[in-house]
Amino acid sequence: MENIMNGSEFVILEKGVTIMDIIDQKIKEQMLRENTDAFSVADLGDLVHQHLRWQKALPRVKPFYAVKCNNSKPVAQILAQMGLGFDCASKNEIATILDIGVPAERIIYANPCKEVSHIKYAVSRGVQMMTFDNKDELLKVAMIYPTAKMVVRIAVNDFTSHSPLSEKFGASLSECRLLMEYAKALNLDIIGVSFHVGSGCTDPKIFAQAIADAHVVFDIGIHLGFQMYLLDIGGGFPGIAEDKVTFEEVAAEINPALDIYFPDKTEVQIIAEPGRYYVTSSFTLVVNIIARKIIENSHASSNDEEAGNEKTMMYYLNDGVYGSFNNFAKYRELLKPTFYEKHSLDQKLYNTRIWGPTCDAWDHISDTWKLPELEIGDWLLFRNNGAYTISTSTMFNGFHAVPTHYAISEDAWETLQNIKKEIQFPVEEQDGVDPQHLVIRQ
Ligand SMILES: Cc1ncc(COP(=O)(O)O)c(C=O)c1O
């Protein structure tokens, strides 16, 4: 775990300096160069805060952060320093995490349908834990990686989640016995069970039911002679106040279910694969209105004028659905923009359509917000923008993922050092980061 912050640039904020100050400073710097490019600002201290919250609410569950959710290096580095494990879904994700110094035992290769060359890479780097949900995958792994530690992924009832996953992944309970018998015949080792309640889970009871189902599969495994010692309760945890349920409400369903089905004395190791929970609130996206079109409603009555219906405002932003808004549709109502300056929702509000910068009509961000009249050159802020944004951005039409500026408050930096001491993280003054040089003063 040496050199864990190497190669990452971030600033430590002196007391009293906020993320909004950083945004302000970056906008001003850019404007001096007449540059209106979109960017984002990440509050790394927010990751520390979320981790403390996790430890308090789910003390028995060790988080293995889902890299897919936000694969930026500083995020991974801070989480690694707090002792988290990682859920990787591909060769490149495994490489990213190993290359920052995380040991292979702290990685689960949690993709039930893997490419052969990626499994070979996992073998070469010593990543042993991996999930499966079908016979062909077992055969593949038996041929390439007979010493792998296999985790059976079960399907759950996740239809109330924003992004259900069980249509694509997960074996039914009735399939599990056959799969596990097949693994036995192939001489593969099964060590546990995983599930995922779907990203953006809105019903915490699904976790409790899934834990009960996992217990049934554990019993089958034990009956077949496997040493079952890992329960992986997946991702799907809410991370922001605007979510329909809070993280603590979810934890209040999970803890009693764990105590019933996997009591402490069984010594089963319990892990989870949170993505969204850790990173959503840490990123703020800052975009600029690059074009505008006003559509007049020629039949507007005075009532329409009062309601702001006499015209529809169309704004074109310099980031869109092929960039940070890729995963936005299901969360739109939670993620309304705020204004950088001069505008407020107290002004007269109009029907507003917001588009991204590409030439594709799918690059359409929202039709549902009523906003005041904005102008070309105005800046908009989208908070809670850390999950499935930079990691899902594409290069369509020649656009790129927006650059991110990273910052952490002095307090959070200190808390991080204390957490590192508690988990006995190897001392790494040698990591090349000298906070003194990075302090921003007010
Ligand atoms: C296997 C797996 N684990 C974890 C996650 C992270 O889910 P979330 O960001 O909802 O916590 C995902 C998301 O798709 C996933 O597919």
Practice item. All but one of (1) in contact with a Pro (Cβ under 8 Å, 6 or more places away or on another chain); (2) at pLDDT 95 or above; (3) part of a loop (DSSP other than H, G, I, E, B) hold for Asp158, so report the exception by its number. Key: (2)
Point to revise | Selection status of Ile119, in the same structural domain as Phe399 (by TED's automatic domain parsing), modelled with pLDDT of 95 or more and either assigned to a helix (DSSP H, G or I) or more than 18 Å from the chain's Cα centre (by Cα) (or both) | key: no
Point to revise | Which listed residue, of Lys293, Lys265, is assigned to a strand (DSSP E or B), out of contact with any Ser or Thr (no Cβ under 7 Å at 6 or more places or on another chain) and not aromatic (Phe, Trp, Tyr) | key: Lys293
**Study point:** region 195-207: number of residues that are of a type in the set (Gly, Ala, Ser) and either assigned to a helix (DSSP H, G or I) or more than 13 Å from the ligand (Cβ to nearest atom) (or both)
**Key:** 0
**Study point:** Residues of region 208-239 satisfying the condition of being in a loop (DSSP other than H, G, I, E, B) and within 16 Å of the ligand (Cβ to nearest atom)
**Key:** Ile233, Gly234, Gly235, Gly236, Phe237, Pro238, Gly239
Check your understanding: Does Thr358 satisfy the criteria of being closer than 30 Å to Pro274 by Cβ, of a type in the set (Val, Ile, Thr) and more than 16 Å from the ligand (Cβ to nearest atom)?
Key -> no
Review point. Could you say which residue among Glu248, Glu253 is away from the ligand (no atom under 13 Å from the Cβ), surrounded by 17 or more Cβ atoms within 10 Å (Cβ to Cβ) and either assigned to a helix (DSSP H, G or I) or among the aliphatic types (A, V, I, L, M) (or both)?
Key: Glu253
Practice item. Starting from region 193-206, keep only residues that are in the same structural domain as Phe132 (by TED's automatic domain parsing) and in contact (Cβ under 8 Å) with a residue 12 or more places away in the chain, then list their pairs with residues that are among the hydroxyl-bearing types (Ser, Thr, Tyr) and in a loop (DSSP other than H, G, I, E, B) whose Cβ atoms are within a distance under 6 Å, requiring at least 6 positions of separation or different chains. Key: Gly198/Ser161; Gly200/Ser161; Cys201/Ser161; Thr202/Thr160; Asp203/Thr160
Review point. Looking at Phe86, Phe64, which one is free of Cβ contacts under 8 Å to residues at least 60 places away in the same chain and in a strand (DSSP E or B)?
Key: Phe86
Check your understanding: What residue, of Tyr145, Tyr109, is out of contact with any Pro (no Cβ under 7 Å at 6 or more places or on another chain), touching a residue at least 12 places away in the same chain (Cβ under 8 Å) and closer than 19 Å to Ala272 by Cβ?
Key -> Tyr109
Check your understanding: Has region 18-27 got any residue that is among the basic types (Lys, Arg), at pLDDT 95 or above and assigned by TED's automatic domain parsing to the domain that holds Phe237?
Key -> no
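The values are calculated or read from the model by the stated rules, or taken from the named source; none is laboratory data. A quick note: this is a predicted structure, and the numbers were derived from the prediction, not measured. As a convention, Cβ positions derive from the backbone with ideal geometry for all residues, glycine included, and neighbour counts pool all protein chains shown.
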